[in-house]
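Written below as structure tokens is the structure these notes are about.
The values are calculated or read from the model by the stated rules, or taken from the named source; none is laboratory data. Remember, it's a predicted structure, so these values are computed and weren't measured experimentally. Here the Cβ positions follow ideal geometry from the backbone for every residue, glycine too, while neighbour counts run over all protein chains shown. All accessible areas refer to the heavy atoms of the entire protein, side chains included, with ligands and DNA or RNA removed. Shrake-Rupley method; radii C 1.70, N 1.55, O 1.52, S 1.80 Å.
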Amino acid sequence: NEEIIKEFVNPPAIIIAVGKQGRCNASTPQTEINDLIVQFAASYKPIVRLIGGDVSLYSNILDELLALNEHNIEYEIVPGITALSGASAYTGVPLTARGYATGVRVLTYYQETSISQEAWKHLSTFEDTLVFYMTGNALPQLVNNLLKAGADATIPFIVVEQATTPNQYVHQFNL
């Protein structure tokens, strides 16, 4: 967020935007991000790799930690708030609530082959909350796969895009 950077970053700091947006040409390849982290860690103390949301949920933390360990670079991880919990809080829709759901299953669905047909059958009967990340372009197919696998078409379904930002979009409907 530009406002956070303006308010909290020391003006002489070097800022390199390496945004990660799925299916977007503006995204920086992970190998390039790893190289930048190693390069700047060797030249400057300290450096910060700022990631929106929780650094360990659907991020490339493993790639970055491997690069840091390979170069014997010390690091500290400061966790953030996941889009999962942020969206839940901002929409007032609990992920688990007595009488509705006692658990949550978190998945990604950005390409047809990321979930097998057998898994769709299991997901269509899952009684707790299903949360799908990275589904923007695949949402119609996701809904279709759940229905084809036998999901109840009256199950409430909510889509939250850009959760916790001024551009948050929330739409609720049934499957």
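What's the total number of residues in the stretch 136-163 that are farther than 23 Å from Thr113 by Cβ, open to solvent by 40 Å² or more (accessible area, probe 1.4 Å) and either β-branched (Val, Ile, Thr) or in contact (Cβ under 8 Å) with a residue 60 or more places away in the chain (or both)?
So the answer is 4.
Can you tell me which residue is most open to solvent (accessible area, probe 1.4 Å) among those in the stretch 41-78 that are at pLDDT 85 or above and touching a Lys or Arg at 6+ places or on another chain (Cβ under 9 Å)?
Tyr75
Restricting to the stretch 16-30, name every residue that is open to solvent by less than 100 Å² (accessible area, probe 1.4 Å) and either at positive phi or modelled with pLDDT of 85 or more (or both).
Ile16, Ala17, Val18, Thr28, Pro29, Gln30
Return yes or no: is Ile81 hydrophobic (A, V, I, L, M, F, W, C), surrounded by 13 or more Cβ atoms within 10 Å (Cβ to Cβ) and without any contact (Cβ under 8 Å) to a residue 40 or more places away in the chain?
The answer is no for Ile81.
Can you name the residue in the stretch 90-135 that is outside any strand (DSSP E or B) and within 16 Å of Glu161 (Cα to Cα) and, of all such residues, is most open to solvent (accessible area, probe 1.4 Å)?
Tyr90
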